[in-house]
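Right, one structure below, let's go through it.
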Amino acid sequence: PLLDLHSVPEWLIDVPEGVTLSGNVTSGLQRYPPRDFGIYKRMVAAVAREQVVRRQAVFPSHANNYYQIHWEPDWHWKGTDEQFIGMYKAAFEAVHENDPDGLLLGPNYGVIRTGNKHLRRLFDKGLGQYLDGILTHTDFLTPGSAGERELQEDLRELVAMTRKRLRPGAKIMNTEWGVRWE
């Protein structure tokens with residue numbers, strides 16, 4: 001199971017002064033970091049403890065629980081790089097302290113080319129030490145198009161970055177795949 005924790009409760013969000021969380025509630029709850037990383041870490045820890053029991057009871061043959069804390073941050077995130085990495089640090093510690101077989105994956109960018117650009121920057125700032133693997137979307141474009149070739153190039157770059165910046169054996173998982181409906 002992929003456990004989706006891609007928002008922060010509204011009461012815990014560090015919303016900048018003068019900003020309101022209007023529009024899509026889901027994207028609004030993942031735009032900014034928690035105002036207290038200790039509370040956030042305790043919340044993720046509680047989920048991880050529950051999931052250990054759940055996996056043992058319901059999925060005893062599964063080796064791992066997989067956790068994610070963002071969904072398409074390239075579309076939604078408005079906080080700083082340091083806050084973004086801080087969320088992963090808190091979640092990584094919470095997962096690993098409470099679910100020994102749990103893996104924190106992310107960030108699950110919606111556009112792989114944009115995501116690769118963000119990952120290069122964030123890896124340089126230390127994000128890789130708080131990830132057990134990468135989640136991504138590989139939406140497919142028209143067969144034979146330039147976009148199809150770019151997608152292949154982008155995937156190769158993501159694999160190379162993952163091998164270079166994460167622990168050996170780090171997984172890359174596709175969480176959304178789409179085709180042009182036309």
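Among residues of region 47-77 being in contact (Cβ under 8 Å) with a residue 60 or more places away in the chain, in a loop (DSSP other than H, G, I, E, B) and not hydrophobic (A, V, I, L, M, F, W, C), the one that is farthest from residue 177 (Cα to Cα) is 62.
Could you please give the count of residues in region 87-115 that are open to solvent by less than 20 Å² (accessible area, probe 1.4 Å), farther than 30 Å from residue 152 by Cβ and either under 15 Å from the mean Cα position of the chain (by Cα) or of a type in the set (Gly, Ala, Ser) (or both)? Spell out the reasoning first.
First pass over region 87-115, keeping only residues open to solvent by less than 20 Å² (accessible area, probe 1.4 Å): 87-88, 90-91, 94-95, 99, 102, 104-110, 112, 115.
The next check asks that each one be farther than 30 Å from residue 152 by Cβ; those that pass are 87, 90-91, 94-95, 99, 102.
After this cut, where a residue has to be either under 15 Å from the mean Cα position of the chain (by Cα) or of a type in the set (Gly, Ala, Ser) (or both) as well, the list is 87, 90-91, 94-95, 102.
Counting residues in region 87-115 that are open to solvent by less than 20 Å² (accessible area, probe 1.4 Å), farther than 30 Å from residue 152 by Cβ and either under 15 Å from the mean Cα position of the chain (by Cα) or of a type in the set (Gly, Ala, Ser) (or both) gives 6.
Considering only region 151-169, state which residues are open to solvent by 80 Å² or more (accessible area, probe 1.4 Å) and either in a loop (DSSP other than H, G, I, E, B) or of a type in the set (A, V, I, L, M) (or both). Full working, then the answer.
Applying the first criterion (open to solvent by 80 Å² or more (accessible area, probe 1.4 Å)) to region 151-169 yields 152-153, 156, 163-165, 167-168.
Once the filter is applied, which keeps residues that are open to solvent by 80 Å² or more (accessible area, probe 1.4 Å) and either in a loop (DSSP other than H, G, I, E, B) or of a type in the set (A, V, I, L, M) (or both), region 151-169 yields 167, 168.
Against the definition (within 22 Å of residue 48 (Cβ to Cβ), in contact (Cβ under 8 Å) with a residue 40 or more places away in the chain, among the hydrophobic types (A, V, I, L, M, F, W, C) and out of contact with any Pro (no Cβ under 9 Å at 6 or more places or on another chain)), how does residue 173 come out, yes or no? The answer is yes for residue 173. Per the listing 24, 65, the residue uniquely modelled with pLDDT of 95 or more and more than 12 Å from the chain's Cα centre (by Cα) is 65.
Which of the residues spanning region 84-118 are under 25 Å from residue 51 (Cβ atoms) and of a type in the set (S, T, N, Q)? 98, 108 - these are the residues of region 84-118 that are under 25 Å from residue 51 (Cβ atoms) and of a type in the set (S, T, N, Q). Residues that are open to solvent by less than 40 Å² (accessible area, probe 1.4 Å), in contact (Cβ under 8 Å) with a residue 40 or more places away in the chain, over 23 Å from residue 64 (Cβ atoms) and assigned to a loop (DSSP other than H, G, I, E, B) within region 116-150 comprise just one, 126. Return yes or no: is residue 12 within 16 Å of the chain's Cα centre (by Cα), among the hydrophobic types (A, V, I, L, M, F, W, C) and within 19 Å of residue 77 (Cβ to Cβ)? No, not satisfied.
Residue under question is residue 83, and the condition is that it be touching a strand residue (DSSP E or B) at 6+ places or on another chain (Cβ under 6 Å) and either at pLDDT 95 or above or surrounded by fewer than 18 Cβ atoms within 10 Å (Cβ to Cβ) (or both); does it hold? It is false that residue 83 is touching a strand residue (DSSP E or B) at 6+ places or on another chain (Cβ under 6 Å) and either at pLDDT 95 or above or surrounded by fewer than 18 Cβ atoms within 10 Å (Cβ to Cβ) (or both).
Just to be sure, is residue 20 open to solvent by 60 Å² or more (accessible area, probe 1.4 Å), of a type in the set (Ser, Thr, Tyr) and over 24 Å from residue 137 (Cα atoms)? Here the answer is yes, as residue 20 does meet what is asked. Count of region 53-80 residues, restricted to those that are open to solvent by less than 40 Å² (accessible area, probe 1.4 Å) and farther than 20 Å from residue 133 by Cβ, is 2.
The values are calculated or read from the model by the stated rules, or taken from the named source; none is laboratory data. Predicted, not measured: the structure shown is a model, and the values here were computed from it. Cβ sites come from the backbone with ideal geometry, for glycine too, and all protein chains shown count toward neighbours. To get the accessible areas, we keep the full protein, side chains included, count just its heavy atoms, and leave off ligands, DNA and RNA. Shrake-Rupley method; radii C 1.70, N 1.55, O 1.52, S 1.80 Å.
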